[in-house]
Amino acid sequence: MELVETITFQKLLDFTAEYKASDLHLTVANPPILRIDDKLKFLNDYPLLTSGFIEKAVFSFLDDQQKEILTQEREIVITHTFRKGMRFRINIYYQKGFLSASFRFIPETIKDIKDLGLPSVVENFIKLKKGLVVISGPFNSGKSTTLFSLIDRINKTRDKRIITLEKPIEYTLVNDKSIIEQREVGRDTRSFRTGLEFVDQEDIDVVAVSEIEQEEIISKLFKVVEAGRLVFSMMNVDSAVKCLEELINFFPPDKQNLARIIVADNLAGIVSQRLLPKIGGGRVLAVEILIVTPAVKTVIREGRLHQINNILQTSQAEGMISLDRFLIELVKKELITPQAALEEAMDPLSLKTLMARY
């Protein structure tokens with residue numbers, strides 16, 4: 001890259017961090033675009049981006065292997081640290097024949113559970129000896145941040161051997177009381193499947209898997225749990241019920257009964273979350289927490305998943321939290337507006353009635 005282009009690219013990365021933007025988007029014939037508090041901000045003071053500028057910017061940090069993958073596959077997802085405090089998850093792809101890139105900022109430090117706004121009950125999950133804990137939510141809901149906050153808490157408080165399987169590695173973890181080994185799929189292990197096969201034969205206590213893709217992976221994941229490990233993973237669904245449905249539906253129809261038994265016996269809990277606009281700027285976390293109690297196990301085994309929402313609403317004493325109850329608390333604390341709560345509610349009419357009492 002020429003000096004002027006290099007300076008321009010570095011300034012865009014600096015602006016992303018300075019404005020606390022979650023993303024920077026570079027697309028031909030558009031100005032640079034930031035996503036701030038889930039809203040797009042066009043940097044109209046910059047000239048429209050050219051294909052030459054984007055290509056030079058992208059190829060300035062890709063290594064030879066990554067360039068080859070991009071050329072062959074026409075897309076690649078990587079993480080890259082430009083300098084201290086400037087680490088990004090980067091999606092590079094072609095559209096209309098031109099190269100585009102999206103940069104997601106990764107904070108240098110992993111926030112603590114409390115700082116994220118997670119309820120204290122989630123700490124019970126990290127104390128388990130075995131079981132599957134799923135962090136679910138739509139895209140851009142902070143799942144990775146929550147997952148690695150939990151893993152980092154284990155690292156700081158428990159004497160365990162931890163393995164992560166990620167694609168790509170986002171947060172870089174450092175050994176504390178635990179030993180942490182991070183493996184990137186495609187670089188350190190061929191696939192999630194082969195990575196889980198390795199885990200199944202090793203002296204490992206805790207496993208974190210960045211995504212669940214298919215029945216084969218789910219089956220191996222549950223085998224790892226059945227062998228006595230604590231496993232954390234993520235899913236792109238927006239409620240505990242949908243997460244359960246997805247876990248079961250990964251299996252073919254003729255294995256659905258068995259799938260319900262496997263899920264009921266091995267799932268420990270679900271943290272379903274989303275990020276909402278915060279009054280005064282920024283975003284705030286809203287969650288629902290499902291703990292797999294004996295009653296929940298029975299409901300899952302018998303396929304009565306429609307009863308899960310009722311259990312969430314009536315099992316506060318057992319540590320469960322329904323999304324609508326959490327939204328009410330956020331409104332009471334004046335962290336979000338009533339309208340924002342109603343837009344996210346599972347039962348808007350019921351939530352409106354409950355909010356009227358406060």
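Here are the numbers for the structure shown:
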| quantity | calculated |
| --- | --- |
| Relative contact order of the stretch 92-181, pairs being alpha-carbon contacts under 8 Å that are 6 or more residues apart, as % | 25 percent |
| Lys, Arg +1 and Asp, Glu -1 on Cβ, resulting dipole of the stretch 113-321 about Cα centre, debye, nearest 20 | 420 debye |
| Value of [θ]222 nm, deg cm²/dmol, for the chain, DSSP H segments ≥ 4, -39500 (n - 2.57) each, nearest 500 | -11000 deg cm²/dmol |
| Ellipsoid semi-axes in whole angstrom, largest first, where each is sqrt(5λ) of the Cα gyration tensor of the chain | 36, 27, 19 |
| Potential lengthening between THR194 and ILE7 on full extension [0.36 nm per residue; Cα-Cα distance subtracted] | 63.1 nm |
| Overall dimensions of the stretch 1-117 by Cα: Rg and Dmax, Å | 14.5, 45 |
| Estimated dipole of the chain in Debye, rounded to 20 [Cβ of Lys and Arg +1, of Asp and Glu -1, Cα centre] | 760 debye |
| Stretch gain in nm, segment GLN214-LYS333, where the contour uses 0.36 nm per residue and the Cα spacing is subtracted | 38.8 nm |
| Expected-Rg normalisation [2.2 N^0.38 Å, Cα atoms] applied to the stretch 212-304 | 1.21 |
| Tilt relative to the chain, helix 143-157 - C-alpha long axis, 0 to 90 degrees, to 10 | 70 degrees |
| Radius 14 Å from Cβ of ILE126, net charge of other residues (Lys, Arg +1; Asp, Glu -1) | +4 |
| Helix 3-18 axis, angle to the chain major axis (alpha carbon atoms, nearest 10°) | 30 degrees |
| Extension gain (nm, one decimal) between LYS130 and LYS156, 0.36 nm per residue minus Cα-Cα | 7.5 nm |
| Using alpha-carbon coordinates, inclination of helix 215-226 to the longest axis of the chain, degrees | 60 degrees |
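Just so you know, all these numbers are worked out from the coordinates, no wet-lab data involved. These numbers come from a predicted model, not from an experiment. Using ideal geometry, Cβ is built from the backbone for each residue, glycine included, and neighbour counts are taken over all protein chains shown.
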